[in-house]
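What follows draws every value from the coordinates through simple rules; no lab data is involved. Note that the structure is a prediction, hence the values are computed from the model and not measured. Every residue, glycine as well, gets a Cβ built from its backbone with ideal geometry; the counts of neighbours run over all protein chains shown.
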Amino acid sequence: MTRQTFGHWEENNAGAASREQPRHHTATGKGRSQGAWIGRRLLLLPLAAALAAAGGCSAGELADRVSAGGFPASPVPSVSPGTDASVTSPMPAGSPDPSAVPATPSPSPRPTASPSPKPHVNPAPAPGNNVADSVYGQGKPSVAGLAKPNDGRQHTAKVAKGTRAVALTFDDGPDGRTTPAILDMLKKNDIKATFFVVGTQVKQYPDVVARIVKEGHALGNHTYHHADLAKTGRTKTLQEIAYNDTLIERATGIIPSLFRPPYGSTSPQLKQLLRDSGRSMELWNVDTRDWAGTSVATMRANVNRNVKPGSVILMHSFGSKLHTAELLPLIIKDLKNKGYVFVTVDELPEA
């Protein structure tokens, strides 16, 4: 029995070679058989010499094995570790030259389809730091002046002088919690108030702004960023007002004529801009300080102590510290008991 190893063939016992020779012959044919075997051996020696180098054994030994029918169909070459067997293995007879056949057939070239024309789309502008970019992403606006208001509040009829009228006002909204709660309370008591809204909030809650107008309340501009306009130039001032105008108009269809400067901070320039555009500046004279987280009891006492006919009461409809929704029903009750009526700021009689 033989077993294959890397590069040579081993015999598993000393008598293996004799078992490879023909076993069946007669006395009369012995010389003829032996002569034929020798002849085949001589004929195979040249071929064996060539193959012996690849097989790792002597030419004579290989000739013996071929004549006995023991040559492996696919001799296993000697391969050192880390060597590519495809390079060192001898090629079988009749195999094509590897240099003439590519390892991986090249794909047939395909015609390149012409791309379908795409409709031209103007690219979105990159974000910027100005108000225009933060609101619309459409670049700077015209700053020649402000649009004329169309809410008709410039012509609101005033209540008669001597009427015990007060105006409830709410700044900095809208939001999704406090503003709706305030609107519910006002509706319950059939009271109209004035809301000065900030553009960043209008952008988030346009439906709440629409509700303010739908329920008959007055709406005013409180700038886009709640900016201190006494510290800004003309261009920035116009942008702060104009962009909030646009958001309000989108939500409600109106451009408000009422304006309240954040912090009550004003300047001759701002007053002139408002006059030129047909707007009125609306301040206050009773501050609840709800924005500071003041207790309901303190705010209630402050309002009752300072209110008088024509008072404009400042509250807020957006903020984390507010107790305004709790305060509102209490001061409504107190002021009604004192004979006050509630109006919007544009309905108050001239001082």
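What to note about this one:
- With each label modelled as a point 7 angstrom along the Cα→C-beta vector, the LYS336-ARG289 pair spans 2.8 nm.
- Ranked list, fewest to most other Cβ atoms within 10 Å of each Cβ, for SER311, SER257: SER311, SER257
- Taking a point 7 Å from the Cα of ILE254 along the Cα-to-Cβ direction, the residues of the stretch 211-232 with backbone N closer than 13 Å to it are 211-221.
- Over all pairs of different C-alpha atoms in the stretch 145-347, the reciprocal of the mean inverse distance, the Kirkwood hydrodynamic radius, equals 17.0 Å.
- Pairs exceeding a 26 Å alpha-carbon distance, out of LYS148/LYS321; LYS158/LYS336; LYS236/LYS321; LYS158/LYS308: LYS148/LYS321; LYS236/LYS321.
- The distance from the alpha carbon centre of the stretch 264-279 to that of the stretch 200-226 is 21 Å, rounded to a whole number.
- Each label was represented as a point 7 Å from its Cα along the Cα-to-Cβ direction; for LYS214 and MET281 these points are 3.5 nm apart.
- Taking every alpha-carbon pair under 8 Å whose residues sit at least 6 apart, the stretch 145-347 reaches a relative contact order of 33 percent.
- Extended-chain gain in nm, criterion 0.36 nm per residue less alpha-carbon gap, SER267 and HIS155: 37.8 nm
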